[in-house]
Amino acid sequence: MEEQIRAGFPGIDWGPADDNYTPVIRSTAAGFHIIGTSGVGKSTAVESVRSLYPQVIVHTEYNGHSFDRAQLVWLKLECPYDGSLKGLCLNFFQAIDQILETRYYQKFGNSRRTVDELIPNMAYLAAVLGLGVLVVDEIQRRQ
């Protein structure tokens, strides 16, 4: 993970020039799922929480230096109708392009790519964009 963060933010002074220096990066990442019968308000509850946060934060300064990065705070995806991981990955790139007006689908989403290629690219992009929360809704569609 450290290499991904360093690659995504090459302009940051990471500390001493010593190659053995490792910044303290504490992961608070956690995953969870919400299960309940249809119509009890699972999606509505998640939507209510998401609405409290901006979807994108544009950072312009870091430690007094110019720093132009868009951070994707949250992203909601619908589970593909066929329940495929490949479809979910491709939806991920398309959704980011739609929100940030980028071309990641063109870069990473080639239809010939395998899931084994798409998932690391998805993880890399999530790290670079500082993705805080990924919501995958309607998982019951999975076959």
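How many residues, within the stretch 91-116, are closer than 26 Å to HIS33 by Cβ and of a type in the set (D, E, K, R)? Counting residues in the stretch 91-116 that are closer than 26 Å to HIS33 by Cβ and of a type in the set (D, E, K, R) gives 1.
Across the stretch 92-99, a minimum of one residue is classified as touching a residue at least 40 places away in the same chain (Cβ under 8 Å), aliphatic (A, V, I, L, M) and outside any strand (DSSP E or B).
Check ASP116, ASP97 and return the single one that is exposed (fewer than 15 other Cβ atoms within 10 Å of the Cβ) and acidic (Asp, Glu). Write out each step before concluding.
Working: ASP97 fails: exposed (fewer than 15 other Cβ atoms within 10 Å of the Cβ).
Within the list ASP116, ASP97, the selection yields ASP116.
Looking only at the stretch 44-61, which residues are within 25 Å of ASP97 (Cβ to Cβ) and of a type outside the set (A, V, I, L, M)? Across the stretch 44-61, the qualifying residues are GLU47, ARG50, SER51, TYR53, PRO54, GLN55, HIS59, THR60.
When VAL56 is tested against the conditions (1) more than 15 Å from LEU125 (Cα to Cα); (2) exposed (fewer than 15 other Cβ atoms within 10 Å of the Cβ); (3) of a type outside the set (S, T, N, Q); (4) touching a Leu at 6+ places or on another chain (Cβ under 8 Å), the lone failure is (1).
VAL136 passes every criterion in (1) touching a Phe, Trp or Tyr at 6+ places or on another chain (Cβ under 7 Å); (2) closer than 22 Å to LYS42 by Cβ; (3) among the β-branched types (Val, Ile, Thr) apart from (1). Take the residues in the stretch 77-91 that are touching a residue at least 12 places away in the same chain (Cβ under 8 Å), part of a helix (DSSP H, G or I) and over 14 Å from the mean Cα position of the chain (by Cα), then tell me which one is nearest to SER43 (Cα to Cα). Filtering the stretch 77-91 for residues that are touching a residue at least 12 places away in the same chain (Cβ under 8 Å), part of a helix (DSSP H, G or I) and over 14 Å from the mean Cα position of the chain (by Cα), the one nearest to SER43 (Cα to Cα) comes out as LEU85. Checking each residue in the stretch 52-86 for being at pLDDT below 90, within 25 Å of HIS33 (Cβ to Cβ) and either among the polar types (S, T, N, Q) or in contact with a Ser or Thr (Cβ under 8 Å, 6 or more places away or on another chain) (or both) picks out only SER84.
The values are calculated or read from the model by the stated rules, or taken from the named source; none is laboratory data. Quick caveat, the model's predicted, so the values are computed rather than measured. Virtual Cβ from ideal backbone geometry, glycine too; neighbours counted across all protein chains shown.
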